[in-house]
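Read-outs: derived from the displayed coordinates by stated rules, not from any lab. None of the values given here were measured: they were computed from a predicted structure. Cβ placement follows ideal geometry from the backbone for every residue including glycine, while neighbour counts extend to all protein chains displayed.
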Amino acid sequence: MKSLFTWSHIPVYFLLLIVFPTVGTLLALYLAIFEGVISWLDLIIFAVMYVVTELGVTMGYHRMLVHRSFQTSNVIKFILLMLGSMTMQGPAITWASFHLKHHRFTDKPEDPHSPTMGGFIYSHFGWIFDRTEEEMELTRQKFGQQFYSDRLVVFMHKSFFLWVLLGLGLCYLAGGWTGLLWGGLVRLFFTLHVTWCVNSVCHIWGSRMFDTEDDSKNNFWIGILAMGEGWHNNHHTFPRAAFHGMRWWQIDFSAYLIRFLAFFHLVWGVYQPSEKTLAEKAVK
């Protein structure tokens with residue numbers, strides 16, 4: 001098992017990704033349950049920020065940037081990458097490069113976050129604190145070179161923390177300090193852990209619709225919470241597919257929004273394998 005503590009920046013990132021969101025969530029729950037300090041506005045801010053920023057990761061970072069499942073204008077691209085950045089999961093090019101590395105070496109020793117190789121906790125978030133600056137740069141150079149040709153993507157990558165702060169600032173402006181607590185820290189706690197569950201839970205628990213050489217699984221609950229990303233076996237079978245939910249009962253909110261935007265010609269070139277191709281690769 002890899003060491004969790006080899007990165008010199010662990011204290012800062014551990015505070016940002018683990019300590020602050022967790023403490024904030026516990027404080028919010030305490031105040032709500034024992035002090036009655038909560039309002040409908042707080043919950044609305046949390047819900048709206050959760051949905052739009054999670055969609056920023058699933059549609060923007062993942063399906064649009066990494067897998068090029070659809071094309072869109074620079075305005076929509078900017079909005080999606082901005083919302084994805086607000087989840088504090090990392091700058092766009094770094095996120096995309098490590099995800100491509102995951103696909104290249106899924107559930108093999110070189111996979112950045114495989115529970116098969118490193119265990120549940122490591123695949124969930126431990127791997128984040130095990131990356132050196134040199135490894136991140138090498139990963140970007142090897143798997144992310146294509147992203148540097150897009151000036152908008154480079155700009156969003158370099159201005160990452162600006163969008164994180166903007167997301168927190170909007171929550172404060174909308175609801176004061178309790179809005180910041182629920183729409184900021186509590187929302188970050190859930191968006192981070194739900195996305196991390198795709199790396200951990202969806203390689204351990206669930207069903208398989210397709211035969212793949214990795215341990216990817218379809219997990220219904222992560223499918224809902226992660227806006228369709230929980231249909232992970234489907235995704236690993238057809239990485240470029242814009243719709244991860246490939247049956248009517250596989251709820252995929254990201255796919256629904258892509259279809260909606262495509263109807264109004266705000267996205268185009270949407271890729272999805274044919275039913276014949278799905279049938280050919282399905283578990284017999």
Based on the mean of other beta carbon atoms within 10 Å per residue, what is the order of 53-61, 154-162, 78-86, most packed first?
-> 53-61, 78-86, 154-162
When the range 1-112 is reduced to its Cα atoms, the Kirkwood hydrodynamic radius in Å = 16.6
Which order do peptides 194-202, 224-232 fall in by mean Cβ count within 10 Å, highest first?
-> 224-232, 194-202
Between residue 16 and residue 172, 0.36 nm times their residue separation minus their Cα-Cα distance comes to what?
-> 54.4 nm
Hey, with R₀ at 41 Å, roughly what FRET efficiency would residue 74 and residue 30 work out to, going by the Cβ-Cβ distance, to 0.05?
-> 0.40
Starting from the Cα of residue 108, draw a straight line to each of the aspartates and glutamates and keep only those under 19 Å, dropping any in the same chain fewer than 8 residues away.
-> 130, 135, 211, 213, 214, 215
Taking a label point 7 Å from the Cα of residue 103 along Cα-to-Cβ, the residues of the range 253-272 whose backbone nitrogen sits under 17 Å from it are 255, 269-272
Can you pull the percent of Cα pairs in the chain with separation above 31 Å?
-> 26
Between the range 78-94 and the range 121-159, what is the C-alpha centre distance in whole Å?
-> 12
